1. As a test, work out the antiparallel percent of DSSP beta bridges whose residues both lie in the chain, rounded to the nearest 5.
2. Which residue fluctuates most in the GNM of the chain (Cα springs below 10 Å): 70, 78, 134?
3. Students often forget the sequence filter, so: which aspartates and glutamates lie under 18 Å Cα-Cα from residue 101 once same-chain residues fewer than 8 apart are removed?
4. What FRET efficiency would be calculated for the residue pair residue 116, residue 168, taking the C-beta separation as r and a Förster radius of 25 Å, to the nearest 0.05?
5. If I stretch the segment between residue 73 and residue 109 completely, what's the gain in nm (0.36 nm per residue apart, minus their alpha carbon distance), one decimal?
6. In nm, to one decimal, how far is the modelled label at residue 91 from the one at residue 32, with both set 7 Å along Cα→Cβ?
7. Dipole of the chain, Cα-centred, from +1 at each Lys and Arg C-beta and -1 at each Asp and Glu C-beta, to the nearest 20 debye?
8. Once a ≥ b ≥ c are taken as the square roots of the eigenvalues of the Cα gyration tensor of the chain, is the result rounded (a/c under 1.5), prolate (a/b larger than b/c) or oblate (a/b not larger than b/c)?
Amino acid sequence: MKLLKLSVLLFFTASLAPAQSIPAVKAKALDNSEVTIPGGSQQALILVVGFSHKSGDPSQVWEKKLSADYHADNRVGYYILPVLQSAPSFVRPMILRGMRKDTPEPELSHFVPLYAKEEEWKKLAQFSAPDDPYLIVASPDGHVIWQGHGNYSDALYAEIKNAVAPLVGK
């Protein structure tokens, strides 16, 4: 009987637990535009979060694929979020110059460097591989729908598209 009561209690506790949400972001993109995520719009969100210099190149591969499929789709917002909190402040301007130089002009608004909440992002992403890009699909209000990590693969990209489809009504 005690086991049954405990099971019922655990079931209700789990069902009442809040869904995981992305940390709120208010920052400047590489084109100096203000970005707020979640932004109160009805856009599904695809986030590529990087925690190291080595995650930069794979993140750009993800960005190119996301741009090809979602740049013209106003139902989806996609952002590359390099987390620079641990980078020394005197090095950050050089990092930003390099990012701007390596990013095509139309994509600058999708690159949003973060200088805070690194531990929150690591916890959310279930951080385990420092050089991997971490991928998150979230509802417009910031609730995580899907997440993964790693270099681009068709299989992983198919998972992202499958997670986004119900959010945009496809």
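Taken together, the values in this text are just the output of simple stated rules run on the coordinates, not laboratory data. Given the structure is predicted, the values throughout are model-derived calculations rather than measurements. Cβ coordinates were reconstructed from backbone atoms using ideal geometry, including for glycine residues, and neighbour counts include every protein chain displayed.
1. 60
2. Largest GNM mean-square fluctuation: 70.
3. Leaving aside aspartates and glutamates fewer than 8 places away in the same chain, those within reach of residue 101 are 31, 57, 63.
4. In this case the efficiency is close to 0.25.
5. 11.5 nm
6. For residue 91 paired with residue 32, the spin-label model returns 2.6 nm.
7. Around 440 debye, computed over the chain.
8. Verdict is prolate for the chain.
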